[in-house]
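Novice: The structure's right below; bear with me while I get my questions together.
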Amino acid sequence: MQTPPPPPPSPYYKGSGGSRQNYTEKDYEEIFYHFDDYAQAVIMANATRFIDPTEPAEHYEYEEEILDEVSEYEIEGMKKSFYFGFASTVSSFVLLRWRRRRMNVPFGGLSKYASRSSTRSSGGYKFDPIHQHQPSVNNVQHASSSGAKPPRSGFFTDVALSALLGMGLSLLAVENDLFYPTGNSSAGDDNGPPLMSITPPPQWISHQIPLVPGKSLISETLCQPLTEEFKKFPKELWQSGNHRGIENGYNNHIALYANGGWKDTKYYNSNPNASVVSLGEKHNESKRKYEDSKNRIYEHLVVDSLQGFIINCERRARYEQKLRKLKNIPERTFPIVPPDGVPANEELELDDIYLMEEKSDDDNDDGFYNE
């Protein structure tokens, strides 16, 4: 795997004044885009793995399902941007044709008269008619011999200008997420109403991806570099928000506690209980809290979704390490996770992630392997 250069140091790193108790939405926004920019750089550095994977497609079945669902709203926004550009093209073409025809219509009125004279003492005006000048045969022959052509209609010019305008507006709409359906995506969260999204959440932010059966290109590519970056930030950051874990009286993110793992997601055999909230959280209470937090989008993306992704990356790494030992699979090889997906039947702590590099080789049954 190709790893790009690390991102520029963040002012929120440990020892850089980043350790504090209170973070604003602006702080969470900067931290989120710090991770997002780095994740996109890692993906671009490994683009060939995504374009031409070496494993059979069925190994990535569940990951593809999640990614397709996450991308659904972004694709819808792109379609609306295309329709907007097409409508702009047609409208601008009609307007250009109408304007050109207006310019080609001769102006009437007093064009027959060009002079005035005062012949009466009352101050009245008298207009002398201008005699129409009939072109002679010689003039006509001279015009034809000089190669003069009648004015063009400008049809193709109008088509080109209209198409360029429509294409430009479509690209601007896509770039600025103008038609992205806000309020329809919760970044892969099953437990509660959708978050009001300002911009489309990136595909990798879904914390369910590291739990999928089979193989996961997103996990294989992003888990290790993002986990290393995760550990550069103070633990107080990940315990600073009002996400579901802390709000319900728990000290840490809810994903750190023992749960059903992949079996708790809606993708496991069309799980009918996927909407049931873990650890006794009531749905009405969850709904109220989500409605109250619509102005804390980046807080949820950082403290809940991003942290959940990293925690489940650790769970997947531990499970893969056990599979390697059980099946004698070489290190640096990603095993195929069984159909039940990655389990989460043990409790974790943030220290399990922060202190991974301090584990000895004898105790390194869990966590990422060092490359």
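The values are calculated or read from the model by the stated rules, or taken from the named source; none is laboratory data. Remember, predicted model here, so these are calculated numbers, not experimental data. Note that each Cβ is placed from the backbone with ideal geometry, even for glycine, and that neighbours are counted across all protein chains shown. Heavy atoms of the whole protein, side chains included, go into the accessibility calculation; ligands, DNA and RNA do not. Shrake-Rupley method; radii C 1.70, N 1.55, O 1.52, S 1.80 Å.
Novice: Looking only at the range 286-297, decide whether some residue is small (Gly, Ala, Ser), modelled with pLDDT of 60 or more and part of a helix (DSSP H, G or I). Can you show your working first?
Specialist: Residues of the range 286-297 small (Gly, Ala, Ser): 286, 293.
If we keep only those that are modelled with pLDDT of 60 or more too, we end up with none.
Taking every residue of the range 286-297 in turn, none turns out to be small (Gly, Ala, Ser), modelled with pLDDT of 60 or more and part of a helix (DSSP H, G or I).
Novice: Would you be able to say whether some residue in the range 310-326 is at pLDDT below 85 and aromatic (Phe, Trp, Tyr)?
Specialist: The first filter runs over the range 310-326 and keeps only residues at pLDDT below 85, leaving none.
Checked the range 310-326: no residue is at pLDDT below 85 and aromatic (Phe, Trp, Tyr).
Novice: Checking the condition modelled with pLDDT under 60 and aliphatic (A, V, I, L, M), which residue from Ile246, Ile254 passes? First the steps, then the outcome.
Specialist: Values: Ile254 fails: modelled with pLDDT under 60.
So the residue among Ile246, Ile254 that is modelled with pLDDT under 60 and aliphatic (A, V, I, L, M) is Ile246.
Novice: For the range 32-52, check the following and say yes or no: at least one residue is open to solvent by 60 Å² or more (accessible area, probe 1.4 Å), under 22 Å from Gln224 (Cβ atoms), among the charged types (D, E, K, R) and modelled with pLDDT of 90 or more. Give the steps one after another, and end with the answer.
Specialist: Narrowing the range 32-52 to residues open to solvent by 60 Å² or more (accessible area, probe 1.4 Å): 33, 37, 40, 44, 48-52.
Now drop any that are not under 22 Å from Gln224 (Cβ atoms), which leaves 33, 37, 40, 44, 48-52.
Okay, now just the ones that are also among the charged types (D, E, K, R), so 37, 49, 52.
Among the residues that remain, those that are also modelled with pLDDT of 90 or more are: 37.
Yes: the range 32-52 contains one or more residues that are open to solvent by 60 Å² or more (accessible area, probe 1.4 Å), under 22 Å from Gln224 (Cβ atoms), among the charged types (D, E, K, R) and modelled with pLDDT of 90 or more.
The rows are residues; the columns are (1) within 17 Å of Leu222 (Cα to Cα); (2) open to solvent by 40 Å² or more (accessible area, probe 1.4 Å); (3) in a strand (DSSP E or B).
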position	(1), (2), (3)
Glu314	yes, no, no
Ala317	yes, no, no
Leu323	no, no, no
Arg332	yes, yes, no
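Novice: Which ones in the range 292-344 are in contact (Cβ under 8 Å) with a residue 40 or more places away in the chain and among the acidic types (Asp, Glu)?
Specialist: Glu299, Asp304, Glu314, Asp340
Novice: Could you count how many residues in the range 12-25 are surrounded by fewer than 12 Cβ atoms within 10 Å (Cβ to Cβ) and either modelled with pLDDT of 90 or more or touching a Ser or Thr at 6+ places or on another chain (Cβ under 9 Å) (or both)?
Specialist: 2
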